[in-house]
1. Can you pull out the residues in segment 24-48 that are closer than 25 Å to SER124 by Cα and either modelled with pLDDT of 90 or more or assigned to a helix (DSSP H, G or I) (or both)?
2. Inside segment 100-125, can you point out the residues that are more than 22 Å from ARG57 (Cα to Cα) and either hydroxyl-bearing (Ser, Thr, Tyr) or under 16 Å from the mean Cα position of the chain (by Cα) (or both)?
3. Tally time: how many residues in segment 49-83 are part of a loop (DSSP other than H, G, I, E, B), surrounded by 14 or more Cβ atoms within 10 Å (Cβ to Cβ) and not aliphatic (A, V, I, L, M)?
4. Would you call ALA105 hydrophobic (A, V, I, L, M, F, W, C) and surrounded by fewer than 16 Cβ atoms within 10 Å (Cβ to Cβ)?
5. Restricting the first residue to segment 4-21 and requiring it to be part of a helix (DSSP H, G or I), which pairs with a second residue that is of a type in the set (Phe, Trp, Tyr) meet a Cβ separation below 6 Å and a spacing of at least six or different chains?
6. If I filter segment 84-97 down to residues being among the small types (Gly, Ala, Ser) and part of a loop (DSSP other than H, G, I, E, B), which single residue comes out as least open to solvent (accessible area, probe 1.4 Å)?
7. Of everything in segment 134-157, what is assigned to a loop (DSSP other than H, G, I, E, B), open to solvent by less than 80 Å² (accessible area, probe 1.4 Å), in contact with a Ser or Thr (Cβ under 9 Å, 6 or more places away or on another chain) and free of Cβ contacts under 8 Å to residues at least 40 places away in the same chain? Give them in sequence order.
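The values are calculated or read from the model by the stated rules, or taken from the named source; none is laboratory data. Just so it is clear, the model here is predicted, and its values are computed rather than measured. Neighbour counts run over all protein chains shown; Cβ positions are idealised from the backbone, glycine included. The area values use the complete protein model at the heavy-atom level, side chains included, leaving out ligands, DNA and RNA. Shrake-Rupley method; radii C 1.70, N 1.55, O 1.52, S 1.80 Å.
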Amino acid sequence: MHGVSLTAQVIDAVRRDPAAGALPYLLPYVNVPWVEGGVTNPMDEALLAGATFPSGRPLPPSLRAWPAYDISLLERYKWFTSDGDFAPRPLDQLVGDEMGDFWGAEFARLSGRFSECFLLPGGSDSRRILAVTDPDEEGEYPVLALDLDDLPYLGLM
């Protein structure tokens, strides 16, 4: 399950418990709430209706559903500029910003293929990244698994 159906399940769960953490089983010692302060902050409907990524690619269906409910999680993960526009980072910059410049340099050769990336919640020495590239048959973009525990690893989730 992924895409809109998964997003709908998450929204239903958060509605039942607005203060719920996004990763209670993976990282019970880190509180990453889905919704900041338990109060939703939806994206303006007119902005969402016309929203695209800087490349001109459309938002995937799941990403239209979530900001219609709340944008606080995306704001905390640096998805927007100060003007409210989407702020993707090339893969090497995202990795460098989050894990250190040494690691970012390891992924520089892939940044041409992955020039619009967004950090997803969770992780420590492993992270999940939304890569705005070619969508699947449901219009969803791939999520990459980044792991720097032993050797640098990047794979498709």
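1. GLU36, GLY37, GLY38
2. PRO121, GLY122, GLY123, SER124
3. Quick first cut of segment 49-83, residues part of a loop (DSSP other than H, G, I, E, B) only: 51, 53-57, 59-60, 70-71, 77-79, 81-83.
Next, from what is left, pick out any that are surrounded by 14 or more Cβ atoms within 10 Å (Cβ to Cβ): 51, 53, 57, 59-60, 70-71, 77-79.
Within this subset, residues satisfying the condition of being not aliphatic (A, V, I, L, M) are 53, 57, 60, 70, 77-79.
The number of residues fulfilling the criteria is 7.
4. For ALA105, the condition - hydrophobic (A, V, I, L, M, F, W, C) and surrounded by fewer than 16 Cβ atoms within 10 Å (Cβ to Cβ) - is met.
5. Final answer for the pair search is THR7/TRP66; ILE11/TYR69; VAL14/TRP34.
6. Filtering segment 84-97 for residues that are among the small types (Gly, Ala, Ser) and part of a loop (DSSP other than H, G, I, E, B), the one least open to solvent (accessible area, probe 1.4 Å) comes out as ALA87.
7. Here is the first cut: in segment 134-157, the ones assigned to a loop (DSSP other than H, G, I, E, B) are 134-142, 148-152, 157.
Subset that is open to solvent by less than 80 Å² (accessible area, probe 1.4 Å): 135-136, 139-142, 148, 152.
So of that shortlist, the ones also in contact with a Ser or Thr (Cβ under 9 Å, 6 or more places away or on another chain) come out as 139-142, 148.
Correct list: PRO142 only.
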